[in-house]
1. Starting from residues that are of a type outside the set (Asp, Glu) and more than 15 Å from the ligand (Cβ to nearest atom), keep the ones in the range 1-23 and report whichever is surrounded by the most Cβ atoms within 10 Å (Cβ to Cβ).
2. Cβ contacts < 9 Å: first residue on the phi < 0 side of the Ramachandran plot, restricted to the range 6-33; second residue within 16 Å of the ligand (Cβ to nearest atom) and basic (Lys, Arg), any location; separation 6+ or different chain. Result?
3. Which residue is nearest to Lys62 (Cα to Cα), if the candidates are limited to the range 92-123 and must be within 12 Å of the ligand (Cβ to nearest atom) and aliphatic (A, V, I, L, M)?
4. Out of the residues in the range 94-110 that are among the hydroxyl-bearing types (Ser, Thr, Tyr) and crowded, with 18+ Cβ neighbours inside 10 Å, state the one that is nearest to Thr20 (Cα to Cα).
5. Looking at the range 54-72, is at least one residue closer than 17 Å to Leu102 by Cα, over 14 Å from the mean Cα position of the chain (by Cα) and at pLDDT 95 or above?
6. Which numbered condition in (1) surrounded by fewer than 16 Cβ atoms within 10 Å (Cβ to Cβ); (2) part of a loop (DSSP other than H, G, I, E, B); (3) more than 16 Å from the ligand (Cβ to nearest atom) is the only one that Thr26 fails?
Amino acid sequence: MAEESPQVGIIMGSQSDWPTLQEAATILDELGISYETRIVSAHRTPDRLWDYGKTAAGRGLKVIIAGAGGAAHLPGMMASKTRVPVVGVPVQTKALSGVDSLYSIVQMPRGFPVATMAIGAAGAANAGLMAAGILAVSDPALAERLDAWRAALSASIPEEPLRD
Ligand code: RP5
């Protein structure tokens, strides 16, 4: 579902963030949600960030998933540039395990929110599910697919643990 009139933008600060953000893309694929993927760095490509934020709503994006690590200013800067909801994914880092990313993303000033997920792969997958939930509010067919996805996950959890 990549690139076809994308409803969701998945952006990341670096190619090295892709293994994490891929988890969000996988969820969107499973739920049949169109998306695009871009490298947009707050520090290395600030003009690209500016243009992406300026055109996001007009291009029909409904949710932006933004992942970055370390001094992770991408989600917050994107939120300052567009009214499209931004879901932030703190990428795990070697130096500080992603706590740096988390703090950089979560602690936004009043007025410009970022819906901040958990650090790393689980956070990225949840970002995909958060985007799906937002879109499902006005898309009954997607709401049905999301309900089925959630029910399947619940059904996959055994009632009793396996014992050695
Ligand atoms: C951040 O710096 C990126 O989001 C990435 O998580 C981190 C390291 O980037 P690379 O040095 O791997 O390109 O801007």
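The values are calculated or read from the model by the stated rules, or taken from the named source; none is laboratory data. Values in this document were obtained by computation on a predicted structure and should not be read as measured data. When we count neighbours, we look across all protein chains shown, and the Cβ atoms used for this are built from the backbone with ideal geometry, even at glycine.
1. Val8
2. Cβ pairs passing all conditions: Gly9/Arg38; Ile10/Arg38; Ile11/Arg38; Met12/Arg38; Gly13/Arg44; Ser14/Arg44.
3. Of all residues in the range 92-123, those within 12 Å of the ligand (Cβ to nearest atom) come to 92-96, 98, 100-101, 104-105, 119-120.
Now narrow it down to the ones that are aliphatic (A, V, I, L, M): 95-96, 105, 119.
On the way: Ala95: 34, Leu96: 32, Ile105: 20, Ile119: 23 Å.
In this case the residue turns out to be Ile105.
4. At the first step, the residues of the range 94-110 found to be among the hydroxyl-bearing types (Ser, Thr, Tyr) are 97, 101, 103-104.
Pick out the ones that are also crowded, with 18+ Cβ neighbours inside 10 Å and you get 101, 104.
Numbers: Ser101: 13, Ser104: 17 Å.
My answer is Ser101.
5. Within the range 54-72, one or more residues are closer than 17 Å to Leu102 by Cα, over 14 Å from the mean Cα position of the chain (by Cα) and at pLDDT 95 or above.
6. For Thr26, the failing item is (2).
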